[in-house]
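Taking it in order: structure first as structure tokens, then the write-up.
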Amino acid sequence: MNVDRITEKLNILADAAKYDVSCASSGSKRKNENKGLGNASNGICHSYTEDGRCVSLLKILLTNHCIFDCAYCVSRKSNDIKRAAFTVQEVVDLTINFYRRNYIEGLFLSSGIFKDADYTMERLVQVAKKLRTENNFNGYIHLKTIPGASDELMREAGLYADRLSVNLEMPTEAGLKLLAPDKNRQDMIDPMAFLKKEIIQRTEEKKLFKKAPMFAPAGQSTQVIIGATPENDSEILQTANHFYKNFNLKRVYYSGYVPVLADKRLPGLNTAVPMVRENRLYQADWLMRFYGFKVSEIVNTQQPLLDLDIDPKLGWAIRNMHAFPIDINIADIQMILRVPGIGLLSAKKIISARKFGRLNWEQLKAIGVALNRAKYFITCKSNSFEKRDLTGTKIKQFILAESQSKYLKNQQTQLSIF
Amino acid sequence: MTRLIYDGTFEGLLTAVFEIYERKLNYINLQKIGVASTAMFEDVINVITDNSRASRVLNGLKKKLSANGVQRVYIAHMSEIENEENNIVGFIRHAFDADRNIEEDYGNRFVLRISEIMVMMRREKHRMEAFIRFQKLKDETYYAVIEPDFNVLPLLIRHFRSRYADQKWMIYDIKRNYGLYYDLHDTEFISMEFSEAKSATDVEASYTEDEEVYQHLWKNYFKSVNIASRKNTKLHVRHIPKRYWKHLTEKI
């Protein structure tokens, strides 16, 4: 093994892959078979980068050679950077040896497009196939599907991978046209539709025949880049909602655009990464998936943007003061979940605990409710509760005044430089 | 206030519960032997561990709690978190005194405390599953050293057995001086004499040839995936507290 050469390739191809934010390694059901290596049923973050993101998978490109020229992408054809390519065996060896040392949960393999879609996709599938069939590897494999790849290859990919994903790249078709003129949105939607159909069909088969092979047991996901094009939060979340509903996606990832290239179609190189906005989008995404919120309750034509100062649940609550206060000892779980400061776990604990007796403020606090926010919206077994008739705006002021937002703090330190 | 002193075993703790009910004690303070007391005037009972009494208490508990509830009591004790005995006993007494299953009575401070301990144990177990870094030795054994906050090694068996079924591995808790060894067939607890316990240099001397190569590649990978313009040290340290760094290949 030529250590220097492999090191250089790894540096180039990991660096080029890092803007793909998906790191999930959960949701699969793959077990260790025949005393082989690994399993994929846990979802473990083995490390965290200095920017605080999880490192769960060996996330690399097979190559950063690319025939496309997408404005937002470091690997675009016209960008003058070092290029490299792994062989299939090199990726297999890295994956196995990292996995055996408990560095990773598995492999996330993507690629620049060389020659054409099928040629590229075939190489990706080869890696997965080799890991599964020759190395008896049961760890997690996430394969990027190349837009425009044939159904046959997609089907084969699904047999070896736990998760497949096609990146939409831009939240809307107009955004994609602007920045990635070589790409066609339909080429991304077609494989998603194909995978959805295939996953449903295979799951049915699996119910009937236990021995039927698994097909992408962790489902499919996608990613959109935020802040490179002018779409507002409403458009982004509507898109996400559309794909959750119609394509059974497990996840939509929002990737705040990191300015890496100078291009007049893009935000300037000194633009800050929209990290707060990205965070608010994820919070909104969680509200849609786990808290029973409709997308139109979070953003709509009157409220096309998420409030950056406060989380979207608090935002909804102060716009809907007529729904509060609620009695924590009577309200149903759907309503409790809508109270700012009460998360999924606290809500479940409240429902269980109140069967034993009505709960008071101290007990709610001990259970884990953030009373600094929740106190404006609930009553409990106590005579003291918020009796003033406060407007939503007033509550927002109170909460912001007493909470030191981590984002607010960042801004202040930045300003104090001047 | 009566002070009960027990030997630190789970059976000892259950025997203490037996004594509490037999003597109809109300205000008690249960302590492991060797813990200094500051109170001057109090009754002291030395609990003598009695397996038949302990199993009567355990059987009683099984009638009051689900299997999972009983396991919670066991894990809370196994955690070896200091001075939690009174919370565990509080939980057991609450279970015995109630006319229904109290496992989800989170309004009760003992129930809530036990559930907090479960969260702490689960987090530590999960951290070990994530942060353990094996080093491949010449005899093909993958070796890792850990220093977990709580005693979670026994909880790791299932995870590592079902993951690394085809390689020999050893995980050694140097804080509590015992380890787990898997020889491709069975796992067993082992403990090494202090002189045998492998120091860092000994371990390096017994690396396989490619061990340093893969450590080097992993460190490089870790650097390459970082996005400098998103640096967020606070979040980084919250996810990997500094006390874990000394056993993390990529942070050494």
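Dividing the summed -39500 (n - 2.57) terms of all DSSP H runs of n ≥ 4 by the residue count of chain B sets its mean residue ellipticity at 222 nm at -13500 deg cm²/dmol.
By the beta-carbon count within 10 Å of each Cβ, the least crowded to most crowded order of B:Phe160, A:Phe68, fewest first, is A:Phe68, B:Phe160. Label-to-label distance, B:Tyr27 versus A:Gln302, with points set 7 angstrom from Cα along the beta-carbon direction: 5.9 nm. Would you mind checking the tilt of helix A:117-133 against the longest principal axis of the Cα atoms of chain A, expressed as 0 to 90 degrees and rounded to 10? Helix A:117-133 sits at roughly 80 degrees to that axis.
Give me the number: length gained by fully extending B:Ser162 to B:Ser191, i.e. 0.36 nm times residue separation minus the C-alpha to C-alpha distance, one decimal in nm. Walk me through the numbers on the way to the answer.
Values: separation 29, 0.36 × 29 = 10.44 nm, distance 2.27 nm.
That works out to 8.2 nm of additional length.
Helix B:85-97 and the long axis of chain B differ in direction by around 50°, with both axes built from C-alpha atoms.
When you restrict to C-alpha pairs under 8 Å that are six or more residues apart and normalise by the size of region A:3-220, the relative contact order lands at 20 percent. The overall shape of the protein assembly as shown is oblate: from the C-alpha gyration tensor, with semi-axes ordered a ≥ b ≥ c, the ratio a/c is 1.5 or greater and a/b is no larger than b/c.
For region A:3-220, what is the charge dipole size about the Cα centre, in debye to the nearest 20, if Lys and Arg each add +1 at the Cβ and Asp and Glu each add -1 at the Cβ? Before the final figure, lay out each step's value.
Working: 33 positive and 28 negative charges, 154 e Å.
Magnitude of the dipole: close to 740 debye.
The amide H of B:Ile28, built 1.01 Å from its N in the peptide plane, has B:Thr2 as neighbours under 5 Å, considering only residues 5 or more places off or on other chains. Other residues lying with their Cβ under 10 Å from the Cβ of A:Gly357 contribute a combined charge of +3, Lys and Arg counting +1, Asp and Glu -1.
One chain, two ends: B:Ala228 and B:Lys62. Fully extended at 0.36 nm per residue, the span grows by 54.3 nm beyond their Cα-Cα distance.
What does the C-alpha gyration tensor say about the overall shape of region A:3-220? Classify as rounded when a/c is under 1.5, otherwise prolate if a/b is larger than b/c, or oblate. Taking the square roots of the gyration eigenvalues as a ≥ b ≥ c, region A:3-220 is oblate.
Please give the net charge around B:Gly8, taking every other residue with its beta carbon less than 14 angstrom from that of B:Gly8, where Lys and Arg add +1 and Asp and Glu add -1. It would help to have the intermediate numbers written out before the result.
Numbers: positive: B:Lys32, B:Arg176; negative: B:Asp7, B:Glu11, B:Glu80, B:Glu82, B:Glu84, B:Glu85.
Result for the neighbourhood of B:Gly8: -4.
Across region A:315-415, the fraction of Cα-Cα pairs farther apart than 23 Å, rounded to a whole number, is 29%. How would region B:134-183 be classified by its alpha-carbon gyration tensor: rounded, prolate or oblate, with rounded meaning a/c under 1.5 and the a/b versus b/c comparison settling the rest? Oblate shape, in that a/c is at least 1.5 and b/c is the bigger or equal ratio.
Label positions at B:Tyr207 and A:Gln186, each projected 7 Å from the Cα along the C-beta direction, are separated by 5.5 nm. Across chain B the C-alpha pair distances fall into 10 Å bins from zero in the proportions 6, 24, 27, 21, 15, 7, 1 percent. Near A:Ala331, within a Cβ-to-Cβ distance under 13 Å, what is the net charge of the other residues, with Lys and Arg +1 and Asp and Glu -1? Its environment carries a net charge of +1.
When only Cα pairs under 8 Å and 6 or more residues apart are kept, what is the percent relative contact order across chain A? Relative contact order comes out at 11 percent. Once the Cα atoms are used to define both axes, helix A:3-15 deviates from the longest principal axis of chain A by about 40 degrees. Summary value for chain B: 13 percent relative contact order, contacts being C-alpha pairs under 8 angstrom separated by 6+ residues. The ranking of A:Leu371, A:Leu143, A:Leu249 by Cβ neighbour count inside 10 Å, starting from the fewest, reads A:Leu371, A:Leu249, A:Leu143. Residues A:Leu13, B:Leu155, ranked from the fewest to the most other C-beta atoms within 10 Å, line up as B:Leu155, A:Leu13. Applying the Karplus relation 6.51 cos²θ - 1.76 cosθ + 1.60 with θ = phi - 60° to region B:242-247 yields 3J(HN,Hα) values of 4, 5, 8, 4, 5, 10 Hz, where x marks Gly and Pro.
Any read-out appearing in this document is the output of simple, stated calculations on the displayed coordinates, not a laboratory observation. Here the structure is a predicted model, which means the values were calculated and not measured. With ideal geometry, Cβ positions are generated from the backbone for all residues, glycine too; neighbour counts draw on all protein chains shown.
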